[in-house]
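Here the structure is laid out as structure tokens; the discussion comes afterwards.
Please treat every number below as a calculation from the coordinates, not as lab data. Predicted model, so just to flag it, every value in this text is computed and none were measured. Positions of Cβ are generated from backbone atoms using ideal geometry, with glycine treated the same way; all protein chains shown enter the neighbour counts.
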């Protein structure tokens, strides 16, 4: 049985979404998004930095969301949600899969820190403004790639789990201009997926 250690409003939601898309059985350990739970000795034994998600699969313990998505697809999807290695779509799949954490999530993290996690007296308006501009710029190439497409690469895939979740968050943060209509339609399409609705509300 797969066990997912999860906290609301975190990257762990994308793992719940993936598990639901694949119809896998799993146990969810819901944790409060608070240092008392995440920095506990028990959870630090799973993740040295006290973060989520963490996946347990028998003797396997993984705590990086991108690695967890790749692992589940490789070992538990029966070939679904990923182009074959020799497919012409495979290189682009890899690009958008990793574009998420490389280009989109760093400014998202800064925005969340500057608007939610830090007390008002410690927030930096310049850092926030710069992160907002970086995030908008990072989303623009995705809008171009989505022109005429329902999903990022062919059929719905792991790249959509990774980058789709990040674009959903970017939109909620108000950093997707109205002119980027392809991204807006894409996120709305993703929001209609029952597995996404389960993942985002877990």
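Below, the figures for the structure above:
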{"item": "Normalised alpha carbon radius of gyration of the chain [divisor 2.2 N^0.38 Å]", "result": "1.03"}
{"item": "Cα gyration tensor, region 2-76 - rounded (a/c under 1.5), prolate or oblate", "result": "prolate"}
{"item": "Three semi-axes of the equivalent ellipsoid, region 90-201, Cα gyration tensor, whole Å, largest first", "result": "25, 15, 13"}
{"item": "Residue order, fewest to most beta carbons within 10 Å, for 149, 51, 123", "result": "149, 123, 51"}
{"item": "Relative exposure of 165, 43, judged by other C-beta atoms within 10 Å (fewest first)", "result": "43, 165"}
{"item": "Fully extended contour minus Cα-Cα distance, from residue 136 to residue 44, at 0.36 nm per residue", "result": "29.7 nm"}
{"item": "Percent of beta bridges antiparallel (DSSP, region 1-58, rounded to nearest 5)", "result": "45 percent"}
{"item": "Estimated [θ] at 222 nm from DSSP helical runs (n ≥ 4, -39500 (n - 2.57)) normalised by residues in the chain, nearest 500", "result": "-15500 deg cm²/dmol"}
{"item": "Förster-model FRET efficiency, 41 Å R0, residue 9 and residue 84, C-beta, rounded to 0.05", "result": "0.75"}
{"item": "Relative contact order computed over region 1-109 (Cα-Cα under 8 Å; 6+ residues apart), in percent", "result": "24 percent"}
{"item": "Selected from 159, 145, 179 as most flexible by GNM, with the chain as the system and alpha-carbon contacts under 10 Å", "result": "179"}
{"item": "For 81, 49, 94, order by how many other beta-carbon atoms lie within 10 Å, fewest first", "result": "49, 94, 81"}
